[in-house]
Amino acid sequence: MTLPNTAPPATATPPVISCRNVWKVFGPRPGAAIERLKADPLARIDGHVSAVHDVSLDIMAGEMLVVMGLSGSGKSTLVRCLSRLNEISAGEILVEGRNLAQLSEAELIDLRRRKMGMVFQSFGLLPNRNALENVAFPLEMRGEPRAARIARAREMLALVGLQGRENYFPRELSGGQQQRIGIARSLAVEPDIWFLDEPFSALDPLIRREMQDEFLRLKGMLKKTIIFITHDFDEALRLADRIAIMKDGRVEQIDTPDRIVLAPATEYVARFTADIDRARVLHAFGLGVAPDAVTAGAVTEGAALPGGQTLRSLARSLVNDRRDWIPLADDTGRVTAMLERARALDILLGDAA
Amino acid sequence: MSMTDQIRLPKSAPRPQIAMLLIGLAAVLVLTRAALPEGLIRPPDWLILPFADWVNTVFTFLRDDLGLMALTRAFAGMVEWLLDVTANILYGKSRWPRLGPLPWSVVAITMAALGAWLGGWRLAVLAGGTFTWIAVMGQWQWAMETLSVIAVAAPFSIVTGLLLGIAAWRFRLVARVLDPVLNIAQSLPHFAYMIPVVVFIGVGPKAGAIVTIIFSVPPMIRMTALGLAKVPDEVVEAGRMGGATPFQLLRKVRLPTARTEILVGVNQVIMQCLAMVVLASFIGMPGLGQKLLQLLQALKIGLSVEIGITIVLIAVVLDRLTRAWAMRQPQHHAGGLRWWQRHPVLLAWALAVVLAFALAQIFPILAQVPRREALSIAAPIDLVMDQVIRLVDPLTTWLRWFLITWVLIPLRDAIQFLPFSAILLAVAAAGWAIGGWRSALVVGGFIALIAVSGWWDRAMITVYMVGFSVCLAALIGFPLGIWAARGEARAQRMLLICDTLQTFPSFIYLIPVVMLFGVNDVAVVMAVVTFAAVPLIRYTTLGLRGVAPELIEAAQMSGATRRQLLWQVQLPMALPVMMVGVNQSVMFSLFMVIIAAFIGTQDLGQELQRALSASDVGKGMVLGLAVAFLGLAVDHLIRSWSRNRAA
């Protein structure tokens, strides 16, 4: 693992999705409203709501971006702009280098049939189809023969742990099971880009936890570019490679969980992080400094700690280790950073300001 | 919300002062009636516009010059061909395909199987039993004549309604045009539909079928558009993300998801068809309705009760079957079952039908029950009814005398004494008080149109019949509804009774009142009262049961007595729902007054019947619209009231 301080990881490949100054304004005259909002960002225009407010961001291949915001912050609208369920009012969105807004209807449908999958908050299942037929729906739209799509749907249901329930109709299943169908359906076409719009918000806390674990399992297995929407900060911290925090249609900060906790960009972001048990979130690398920056005389030899783990999971070692500076090793065992023990203990004990 | 929004007043705010002023003016007009010029008392002749002639001109143009006649005749020809097919299969009319008639036992088994499949054994017994009853009572021919028309008309209405509903949902312009048309269409009395059909197509089964099709389309359009609009956004988005084209989205996502609403529309279409087919006997439609009409006119009570029971049973069976279909939820089968294990009802049906066909060859009684072998309960009914009527005769005679001398005649005289200008002002005042100048204009406009149509006096007779009947219905309906709402089980039972009563074709309500009161005004009022009380009971019960339990608990914890609870909390909260009942009640009474006209009233209904027998389209349309406008005026007032209350 590399130092997570750099904002977008690995800039060698072009981003999968790239947003440039994207606006989405609802109302009768969005164009005029945007002009006024550009002049005065705080203007309120009668009959218009700016749900996405001048958003620019890049999403890299294989990355998982969590978009976090409270209800009405525009996060769901943003993800609908990325999948062009909503047309944007201004700006441009490039998906694998192609301008999304300029795709014809047929091209857009083709893109969705091959590249994109989406999971919805209230599942969006068809009540008249059983689990199997729901999962096979996108394949059916694509015109695949019945036998092939049923076989594939069976496979997907097994993947999400619903084997034996293929004949059940959505209303006969629990919320968690319904969302498993939704996930299986979104994965049926083997999409490269996977959108999840608050997939676990409608579920009970225990089921939600279980589904998050399930999701992490799938994520590790499938290696997809993931855009995950949530209003739950804990969920965001638990799942994300990077988090974008939204408020009133604007992206307040887009960064790794460690950086969001350590260096909140705005007052609003700071309020979110205030009550967080940082030791659970921060990885040792998040506090690490380059070995040569450590003041002379410090002991740099001895056993290294794995830098990719959270401070909480390293707690016992940190308390027992007597060194002021502790070397941190990456997955290959190479020491790449040094951790100041006192600072780590402060965070662990909750004394850090 | 910006400042300007808060300062700007609603454009049409209710203004009690102006309403009071208008009422005052109306009162002055009434008090100074003696001194008023004649033109303010009755609509003067120069004010009356020849609407009927205009309508007739348009119709003549459509019929003769545009050649619409050829088109309608062609359509009628196709409908007739289809009617012949169903008639042959159901009761053996000798037409192509010359297969029928089906043995009655086969039809009864099929209906029972449908019942079993859709709703379990109770529905199977009800459906199978109904058709057995029809056969055993020797009414098979008439009932099949009626059903053969429904079998043709309903699919036509369903397909037309579905297409128009999709168009209304998809194109806002279509919705904007259709909405007022549907509003008027749904408040036009049945007879108004029949006259143009008689002109274009003539009388007989095909005219009956076509009028049935036209009459039953509106609810299908409404329910389809509603169902499509109610499909959850996320389901549609999921379909779009699945890569569905717009057409795939409609066919595979939206329509299946709107299934329940669309099937409720189908239920309404079939019930409307039945109501209309029964009434279409007035334009020569054979079947149960015609038999009932003849028997009622001949005052053959026992036989008309028999027919009445059949119509009611058919109504209940059709309603329950289609409703069960609409509410049916998909259910999975256990894995690994054979085809015949998954469809036991289908298998049983096939076996039973084959058996019935075979047995019918051996025992002809299973194919057809000849008239002379049919049972009849007419004689005992007549016997019992004679006794009952003799017993209650003093009461009904007194009631009749009392109602006519002390209520109906004084009321009619009073309403005819009022100058029309005063009534117009009072109506406008009501509009102003409820919905501001806009409502005053709308409601006043409806009533003014009636004044200039030349049917003012007749319309006022209709108004007093409806007004009095609804008041009487309220005296029965509200207390009954309040009583029923006292307990959950009781409310459920009452709602079931009301729902069942509402499925009966309105014609049925005439049987008991003619039995008890004979053929006169009082019988009409009694039929209307019974018919109009049903929605009042229903919505009062619904409204009271719908009050939030926390609210009632909060009132109880504040120490409210049962009476206080009812008057201070439950009734005010339930009022909007109860007003929906009042609205429906007014509509029902208008329809009923018109239908009841054939047993003798002097209102718009009687004139409509005359227009029907003279095939006078212009007069028929004007009269029909006059009735519709009365209904729409009340509808507008009640709706504006609910809207203002909600705001």
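The values are calculated or read from the model by the stated rules, or taken from the named source; none is laboratory data. Please read all numbers here as calculations on a predicted model, not as lab measurements. Neighbour counts run over all protein chains shown; Cβ positions are idealised from the backbone, glycine included.
Per-structure values
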{"item": "Residue tally, condition among the β-branched types (Val, Ile, Thr) and crowded, with 16+ Cβ neighbours inside 10 Å, over segment B:553-578", "result": "2"}
{"item": "Candidates A:213, A:248, A:197, filtered to the one that is assigned by TED's automatic domain parsing to the domain that holds residue A:133, of a type outside the set (Lys, Arg) and in contact with a His (Cβ under 7 Å, 6 or more places away or on another chain)", "result": "A:248"}
{"item": "Subset of segment B:221-235 (residues that are out of contact with any helix residue (DSSP H, G or I) (no Cβ under 7 Å at 6 or more places or on another chain) and either touching a residue at least 12 places away in the same chain (Cβ under 8 Å) or surrounded by 17 or more Cβ atoms within 10 Å (Cβ to Cβ) (or both))", "result": "B:232, B:234"}
{"item": "Of all residues in segment B:55-107 being in contact with a Leu (Cβ under 8 Å, 6 or more places away or on another chain) and not in a helix (DSSP H, G or I), the one that is modelled with the lowest pLDDT", "result": "B:100"}
{"item": "Yes/no for residue B:154 being in contact with a Ser or Thr (Cβ under 9 Å, 6 or more places away or on another chain) and farther than 20 Å from residue B:326 by Cα", "result": "no"}
{"item": "From B:543, B:581, residue being modelled with pLDDT of 90 or more, over 19 Å from the mean Cα position of the chain (by Cα), crowded, with 21+ Cβ neighbours inside 10 Å and among the small types (Gly, Ala, Ser)", "result": "B:543"}
{"item": "Those residues of segment A:143-169 which are assigned to a helix (DSSP H, G or I) and within 27 Å of residue A:63 (Cα to Cα), in sequence order", "result": "A:152, A:153, A:155, A:156, A:157, A:158, A:159"}
{"item": "Residues within segment A:88-111 that are over 18 Å from residue A:227 (Cα atoms), within 14 Å of another protein chain (Cβ to nearest Cβ) and not β-branched (Val, Ile, Thr), tallied", "result": "7"}
{"item": "Any chance residue A:311 is outside the structural domain of residue A:68 (by TED's automatic domain parsing) and either in contact with a helix residue (DSSP H, G or I) (Cβ under 8 Å, 6 or more places away or on another chain) or of a type in the set (Lys, Arg) (or both)", "result": "yes"}
{"item": "Residue match in segment A:123-142 (condition: under 24 Å from residue A:27 (Cβ atoms) and either of a type in the set (Asp, Glu) or within 14 Å of another protein chain (Cβ to nearest Cβ) (or both))", "result": "no"}
{"item": "Residue selected from segment B:315-332 under the condition within 14 Å of chain A (Cβ to nearest Cβ) and of a type in the set (S, T, N, Q), by the criterion nearest to residue B:509 (Cα to Cα)", "result": "B:329"}
{"item": "Residue match in segment B:123-132 (condition: in the same structural domain as residue B:319 (by TED's automatic domain parsing), in contact with a Lys or Arg (Cβ under 7 Å, 6 or more places away or on another chain) and under 19 Å from residue B:274 (Cβ atoms))", "result": "no"}
{"item": "Hits in segment B:168-189 - residues which are over 18 Å from the mean Cα position of the chain (by Cα) and not in a helix (DSSP H, G or I)", "result": "B:171"}
{"item": "Counted residues, segment B:165-189 - those being touching a helix residue (DSSP H, G or I) at 6+ places or on another chain (Cβ under 6 Å) and either buried (at least 21 other Cβ atoms within 10 Å of the Cβ) or within 24 Å of residue B:597 (Cβ to Cβ) (or both)", "result": "9"}
{"item": "When residues of segment A:170-216 are limited to those that are in a loop (DSSP other than H, G, I, E, B) and of a type in the set (S, T, N, Q), the one modelled with the highest pLDDT", "result": "A:174"}
{"item": "Top-ranked residue in segment A:156-176 [being touching a helix residue (DSSP H, G or I) at 6+ places or on another chain (Cβ under 6 Å) and of a type in the set (A, V, I, L, M, F, W, C); ranked as farthest from the other protein chains (Cβ to nearest Cβ)]", "result": "A:160"}
{"item": "Filter result (surrounded by fewer than 18 Cβ atoms within 10 Å (Cβ to Cβ) and over 27 Å from residue A:324 (Cβ atoms)) within segment A:249-290", "result": "A:265, A:266, A:267, A:268, A:270, A:271, A:274, A:275"}
{"item": "Among (1) assigned to a loop (DSSP other than H, G, I, E, B); (2) farther than 30 Å from residue B:117 by Cβ; (3) over 32 Å from the mean Cα position of the chain (by Cα) - the single one residue B:368 does not satisfy", "result": "(2)"}
{"item": "Residue among B:238, B:192 that is touching a helix residue (DSSP H, G or I) at 6+ places or on another chain (Cβ under 7 Å) and either part of a helix (DSSP H, G or I) or farther than 22 Å from residue B:272 by Cβ (or both)", "result": "B:192"}
